Structure formats: structure tokens, C-alpha cells
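Before any comments, here is the structure.
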Amino acid sequence: MSGGAGYLGAMASISAEDVPALYEGAKFYSPAVGDAGRSSVTSWLAGLLERNGPVPLMRVESVAPDTQCIAVCVLGSGSAMADLPPAGDEFVLAVRQIERLQKVTFGAVYPLAAATISALVPVVTAAQLGVPLIDADGMGRTFALIHHTAMHLAGVSPTPLAAVGPTGESVLVEVLSGPRADRMLRANVDTVGGWAALAAYPINAGTLRRAALPGTMSRITNVGRVLLETTDPEALVTRLGAITGCRRIARGRIAELEHLSRQNDVTIPAHPSSLVVEETGGLGRQLRIELRSEIVAVFADGALIAGAPDLMCLLDVSRGALATLDSLEPGDLVDVLVTPADAVWYSPEGMEMVGLSSHGIPLEHPRRR
Amino acid sequence: MRSRPSTLPITLGELARVRPLAGAELHLADPARTVEQVVLAETFDRLRHCLPHELVVLHDEAATGGWSLAAALHLAWERNLSAVVVSRTVAGASSAALAERLAMSLIVIDDDPIEVALQLAGQVSAPAAARAQRQARIAEQLAEQTGIRGVLGVLNRELQGVPVALVVGEVVVAGQAAALAERPQVRQIEVEVHAAGERSAARMVAAVPVPGPAAIDQVASLLRLARPSLQAAWARSRLDAAARAAHEQAAFELLRRLETDEAPSWAAELGWQVGLHNRAIWLAPERPEGEPSDEVTYLIRASWQRGHSIWPLIAEGDGWISWHSAADPDDVTALRRVLTGFRDSAVAHRLVLGVGRAHEGVGGLMRSAAEARLAAHVAREAGAGSVQWFDQVGAAAALAWLPTTEIAQVADLTLAELMAAKDRAPLVQTVLAVLDAGGSLSQASQQLGVHRNTVLARLARARQLGLTYDEPGQRLALHVLCYALTTLWNRSAQPDRSRSGSEPSRP
């Protein structure tokens, strides 16, 4: 990809210089994740791209419709990955297993979710396999389960899928229904080392064209550039808004962190907790931010003003950087940013899968009222 | 208790005072809010169908904490509910803050929400029963009180927003003085408190806001409930006070007859300090009317000893004596503070105060008492509430004893011509000024603020009218006459000087 700073629109390739921006942008779309394991993965990817040259980034329309494509991502916890770093061949091995099973050769790789570390590993895989990366993904952010994808909503099965752990062991799953695949995989992730390289959703580019969310890899790189470019919160919010459609719904000071051991919906594994922010300007509202593994809802004076599948994140005003959920302290001044998710998630099927009710909040989404 | 119990809807404030909410953590935005029905809400959907003035008890799905309580409070605010009741496990400090922000009452309970809801439903459907329960509880609390302040404390605590005071005459003896303030939308209720022998000794006054959290008849019945405790406490404290007054009076008499200057040991038993430098204060009625009654002594003692109960107060002649003993004879800060605090009471009871000088020992106390009494006589010149320090009086105190009225009558007879003259006042004033100045015309003209020639002219006219001040044989008599007349005229020219409260100038 060409050099230079600032917004670049859709990109043609990803090179070693793009890695920091890619990482920062990937973090914006999954603000819950901490920085553990950052350096190992980014330096690994940067080294690969320097050795093998840039990875071509192709729009899904520009790939031949019969090209076989495979999605990759990291399954399991980021901290486990920091403890037990990848040997390096896990993702390639996972792809090769599906190739052997289906007797095909994959001509392109795409991210299952263009966010977190899972936005980086498809670049790694493409560089290792020597194939192009497709500028599209299945979530447009992160959701908790592997069938929470646009492909699943379009009727594409996630299986057959292969998961390879850092120990070299692998699990191959073939099921008829997507939700079953996730349950079977989760049972195995701990055993294979706490995290696993996942290869799933093997489809041809023609199907991918109608099933995936386009342009998301370019988008996170551009978001990352903005985040690296400035630490002025006002400029950040304005520029991020131009790229992602996000807006600031409040600025406030964290008043209270509540850790609750209350009943939780069993479909999504996460510990619910709650964050109270006192708005500093405007109406001086009391914001209550509901946390699972991410921010799932924002209440202002008890009224729901944003909720999943909206992407909500906190901007640390004093640092001009995104605040990860594990770094929050009472007294921090934060901007609450809300980014709309891709339109497919606001459909009735999408809402049922990743909306507020999936987090045990039986309220009408503010965008649908 | 009443022939027809009130069927008014029960208020939050009333509910909060009986079980099961009596022990709950209350964040009441408006205790006067009525509660018309109780709803046990299990889901948000149920919450969305609540009607105004309902009290909602959250339970199960609607009470999972965090967001759910915030959302429930918001819904309650939208639906204009009376209050939200929730289990303590889900309510944090921020929930209380949000409730306050939305002006929504939040009640945090420790018990099972379902049981609480059932009990509340019973209370709301039969408000009279809940009120009776509350009265029974208050009656128990009142019965435990042995003092007047304790009884008034219970009433003021239980009747939030309704100040209650115990009043003797127009003076608040205990409770909140706000009960006497006349304000719009406030109705005053009075209940007589009888002393022994069916004599009305005092009144309980409650100012009930209308409309307010407590109905008039409930307040009245509570006051009646408090009456027996109050009468008992009143009678006891009067017995105590009467015994103590007699004791102190006798002890002071003994002290007066004491030969030595050393403080006897029994003085300390009464809480008296006499060993150091004693400074006496004489409290006297502005117009002496013989020995004061026990009731007045009781009231004066109550207000004099408010906040500094170790200072004695002994009825003595037509007034009362008190004193302050300190190591440093010049230290009068404590005394000044007390005098300032007593000023309102002094005006209300039409008292004047005299302060003696500080002298050492028992003998010193008696001397200071005599000085204070003298100073109090001088203070009468300036009206009720005034304070006179003996240090500032000196020998001039003698003039305060002059029977000015009688002397003025002498003037009417002996100086008829002068008294008939229209300009008699400036003439007498001028002669007095010249005599005061030892015959110096220039000093007199300066003091009067007139020209020396005017002084000369007035003197000449005064002499013509019989005021022969320059005859040595008559000078003293005329000087006294002029002084008496001027004092009398000044007093009648300023009939109400009690409000000025200032210390009198040299007479």
C-alpha cells in the first residue's frame, strides 16, 4: 500500500508500515480488549510483511466469483494468547486442514471479524499462504460467538471448520447448525491451550460478495491512522465520525465501578458489571454503562440511549486515546462514543442474535423506537 | 381514639414510619406523596403498565441491579409513580443519586420483596390500621421520655415537616420556635397542658402545613397522646426546680452570713464556684412589683441557664442574682456572650441587668452583688433589656436612687412661676448644664450646642423665674431639682426606650 498519512480510502495492499495503524483501528472496534500480547503479534506480522512483501488487499467484487475463500480468526482469550504465543504455523495449518477435507485450494483469505487481534491474523495467514486478503469481514466489529456473522444471516454455514491450538493439536467440526459449532468449539478451546487459530466459513467469492460486510479492513486502517495522528479529543471525535459515523453522546467523569454477581443470560459468556459516569457538561446526567465483555448499553438518567449492536467505546480525554475496559478508574474523564454497527445487525434477525435481548436487557433499542 | 378514622390515602411519610419500611433505607423525594396502590413488578412490561401514584416493589427480572434499577427509576419517573422499593443487593449509591436527580422516592429494603409488597398492600388498602399502628409506636416512644425536651423531640422527629413547640405565655420553652410563626398555608393546632390543680400551665403548638404530609386530626391526636407524658415531665421538673430554688436560696443566705472569706465545701456540692474572682449579675424587673412568683423564677432560670447550667440563679428580693467566678478578674468574654444570648429573654420578660465588679472570695461576691444591684437600678433608666456595668456607673449611681417624681412635685410647689413658663424645659436644661460644668458658660454652651449669649440670656430669664442657681445656699437643692426634672422630662419624651437596649449614658 502507498505511504503517507491521513485518510486513504480503500487500500490496495497492506505493508509493514501499516501494522501499527491496523492494530489501533482493530482496537477501536473492540475496545474491551487490553494490550496484552500486542508487541509479539504486531512485530511478528511486521517481520512477515517485510520478508514476504506487502499483502494485496482486494475488494471482494474484484476477485473471480469461483475463487475459494476462507475466514480466519483467533478463538479464545487474548490473555491466553499472550501467555502462550503462537508458534507461527497454527493459522496455515487450520486452513490446510479444510483444504484437505474439501479437496480445494483457497485463493484468498478474509477476516471473520475485522477487529482485535483477529484483524491481524488474516494478514499473517495471507502472507504465509501467499494469497490476497479480501477487504471484507463477517462482523464489522466483534461479537461474542462465531455464528454472529453476516454470512450466517445470509445462510452460509460456518462449517466445516478447523481449530488449531498453540500445542499443535486441532479440532475439526462439522455440524449442520451454526450455533452448535460454537458450543462444540468452546468446549475444546481450553484443552488446546486457551486459544486456537480458527479457519471457517469456506465459501467462494461469489457468495462472499453478497454475504460479507465490504471495506472493513480499509476502514480499521484509516481509523488507526486517525488515532495515531492526534491526541486532541475534539479532533479525534470529528475525524472518527467522518470515517465511522460515530458520535459523542456524553462527556463525564467515572463515579463508580460496580461489579455484580447477578444472574446472567447463559448464551453469552461474560461477567456483567456496571459503570456510573457523571456527565460534566450539558444536562449533568447520570450515565450508567453496562459492561459484559464489551459495552452493551448506555443509560442516561435511566433512559436507554444506546445499546448493542451499536459499538460503544470510551475515549480517555486526558490521554486522547481509547480507554480499554480493564484500565478504567473512578475519576477518569471520558467521552462516550457510539458508532452504528453495519445495517444488517439492526434487522430483526440480527437484533435477535446480537441485540440487547441477547444480553438480558428486555428493552426496545433506541434506534428502533 | 377517633370516632371516624381518616380514609385519606396513606402517604409515603406515614408508610415509612411503620413496619416493614420502618427500618428501610429511605430516599424520599416527597414524604407527602400519597400511595394509592402497591404493585409487585416482576418484569419491565409490568412496570410499563403502572399507573400514577402507585408504589412499585421491584422483584426478579425487574430487580437485577445495575442498569435495571436505573431503567426502572426512569420508567417510574415517566409513569409518575409514588416510589420504588428495591432490595439492598441491587441498590448502590449511584442509584440513590439517580433517584434524587429524578425526584423519585427510592426505598431500599433488606427483607424479601414479595413479603414487603404484601404487607404494604395491606397498609395501603387500610390506611387507618397503618395509622393506628404508627400511633401505638409513637405512644410507646413518648412513654419512655422523662423530660420535656425528650417529649418534644419525639414529636418533632415523628411529625416531620410539622414543627411543635411548648409555649408558656408567649415564650417557647422547648421544641421548635417555628411552630409559632404565622405563615400562609399553615394551620396552627394548640393543645393545653395542665399543671396540677387543672390550671393551664402551657400550650403545645404545632404548625401543620396544609396541604401537607400529616392530616390535621392526626397531628392533634398525636399531641393529645403526648400530653400525659408532658404533664408528668412538667410536674416533675417543677418539683425539682422548686426544691432546688429553695435550697439555693437558703445556701446563699448562709453564704452571706459567713464569717470567713473561704468558700465552704457545701458550695461546691451545689455546683457553685466562689473561690476565685466573682463577678455578680443582678437581674431585676424593669418595674419592681414585689417578690416574683415561682413560675416567673422558673422561666427566668430556664432561659438564663440555657447552655450554661452551672451558673446559679437565686431569687433575692425583687430580682435574681447570679455570678461568674474566674481566675482572671478582667476576663469577661464568657459573661458578655451570656449577656448577648440573654438579651431577647430579658426584653421578653422586661428585665434589666446590672453587672458588678470582680472581687475575690465570698466577701467579694457579696460586695459585687451589691454593686450589681446598684447598677441594675441605673439600668432601669434605659428600659427593658439594658445592661449596666458598675465600672461605668461609679458614684453617679447615687442619682439613680433619687425619687425624681417626688422631687418634681416639690418643683411644682416651690418654683410655680418657672413651671408655668412654656420654655421651662430649655431653661432647666441650661441651668443644669452650667451647674454640671461648674459654672463655666463656654463649656455649657458647647455641651448644649448653642451660643454663649443664648446661655447667658436663658440664665437671666431662669433667675427672673426664681431659679436662683448662683445663690450658694440654694445651689445643691436647685442642682438636684434640675436633674430630677430633666430626667423626668427625658423619660416622658421617650416613652418606649426598652427597644433601644443600649447602655445608659451617665445620668
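The values are calculated or read from the model by the stated rules, or taken from the named source; none is laboratory data. Not measured: the values here are computed from a predicted model. A quick note on method: Cβ atoms are made from the backbone with ideal geometry, for glycine too, and the neighbour counts reach across all protein chains shown. SASA here: full protein model, heavy atoms, side chains in, ligands and nucleic acids out. Shrake-Rupley method; radii C 1.70, N 1.55, O 1.52, S 1.80 Å.
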**Prompt:** Hey, if you put +1 on the Cβ of every Lys and Arg and -1 on every Asp and Glu Cβ in the protein assembly as shown, which of A:Leu257, B:Thr430, B:Ile10 ends up farthest toward the positive end of that dipole?
**Reply:** B:Thr430
**Request:** Quote the FRET efficiency, to the nearest 0.05, computed for B:Asn490 versus B:Asp261 with a Förster distance R0 of 45 Å and r equal to the Cβ-Cβ distance.
**Result:** 0.60
**Complete:** Output for chain B (equivalent-ellipsoid semi-axes, sqrt of 5λ from the C-alpha gyration tensor, Å, descending) is 68, 28, 21
**Item:** A:Glu61 - accessible surface, heavy atoms, 1.4 Å probe, Å² rounded to 10
**Value:** 100 Å²
**Message:** Over 20 Å intervals from 0, what percent of Cα-Cα pairs in chain A sits in each interval?
**Reply:** 31, 60, 10, 0
**Total charge dipole magnitude, the range B:329-371, about the Cα centre, Cβ charges on Lys, Arg, Asp, Glu only, Debye to nearest 20** = 180 debye
**Dipole of chain A [Lys/Arg +1, Asp/Glu -1 at C-beta], most positive-end residue of A:Cys313, A:Pro158, A:Gly25** = A:Pro158
**Complete:** Given unit charges at Cβ for Lys, Arg (+) and Asp, Glu (-), the dipole magnitude of chain A about its Cα centre in debye, nearest 20, is 700 debye
**Fill in**
For A:Pro54, the net charge from surrounding residues (Cβ-Cβ under 12 Å; K, R +1; D, E -1) works out to -2
**Prompt:** What is the spread of the Cα atoms of the range A:237-359 along each of their three principal axes, largest first, in whole Å?
**Reply:** 38, 37, 25
**Message:** Can you give the local net charge around B:Pro20? Use residues other than it whose beta-carbon is closer than 14 angstrom to its beta-carbon, Lys and Arg +1, Asp and Glu -1.
**Reply:** -1
**Asked** What fraction, in whole percent, of alpha-carbon pairs in the range B:265-399 exceed 22 Å separation?
**Response** 30 percent
**Message:** Treating only the Cβ of Lys, Arg, Asp and Glu as charged (+1, +1, -1, -1), what charge dipole size does the protein assembly as shown show about its Cα centre? Round to the nearest 20 debye.
**Reply:** 2020 debye
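Leaving ligands, DNA and RNA out of it, rank A:Ile134, B:Ile114 by accessible area with a 1.4 Å probe, largest first. Don't skip to the answer; put the middle values down first.
Details: A:Ile134 0, B:Ile114 65 Å².
Sorted by accessible area, descending: B:Ile114, A:Ile134.
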**Asked** In the protein assembly as shown, with Lys and Arg counted as +1 and Asp and Glu as -1 at Cβ, which of these residues, B:Gly275, B:Pro209, B:Leu81, has the Cα nearest the positive end of the dipole, that is, farthest along it?
**Response** B:Pro209
**Item:** Value of Rg/Rh across the range A:13-216 [Cα atoms, Kirkwood radius]
**Value:** 0.92
**Prompt:** Using the C-alpha atoms of the protein assembly as shown, what convex hull volume per residue, in cubic angstrom, is computed?
**Reply:** 279 Å³
**Asked** When the solvent-accessible surface of protein heavy atoms is calculated with a 1.4 angstrom probe, in what order do B:Asp261, A:Asp316 fall, highest first?
**Response** B:Asp261, A:Asp316
**Prompt:** For the range B:358-466, which trypsin sites (Lys or Arg not before Pro) are both in a DSSP coil and crowded by at most 14 other Cβ atoms within 10 Å?
**Reply:** B:Lys422
**Item:** chain A: relative contact order in percent, alpha carbon pairs under 8 Å with at least 6 residues between
**Value:** 18 percent
**Request:** Enumerate by residue number the chymotrypsin sites (Phe, Trp or Tyr not before Pro) in the range B:387-436 meeting two conditions: DSSP loop (anything except H, G, I, E, B), and at most 10 other Cβ atoms within 10 Å of the site's Cβ.
**Result:** B:Trp401
**Item:** Antiparallel content of DSSP bridges confined to chain B, in %, to 5
**Value:** 70 percent
**Request:** When you have a sec, figure out the Kirkwood radius of the range B:425-473 from all distinct Cα pair distances and drop it here in Å to one decimal?
**Result:** 10.5 Å
**Request:** Between beta-carbons, use under 12 Å as the cut-off and find the net charge around B:Ile138, counting Lys and Arg +1, Asp and Glu -1.
**Result:** +2
**Message:** Using a 1.4 Å probe on the protein heavy atoms only, what accessible surface does A:Glu50 show? Give it in Å² to the nearest 10.
**Reply:** 140 Å²
**Message:** Can you give me the % of accessible surface on the range B:12-127 that is carbon or sulfur? Probe 1.4 Å, all protein chains present, nothing else counted.
**Reply:** 51 percent
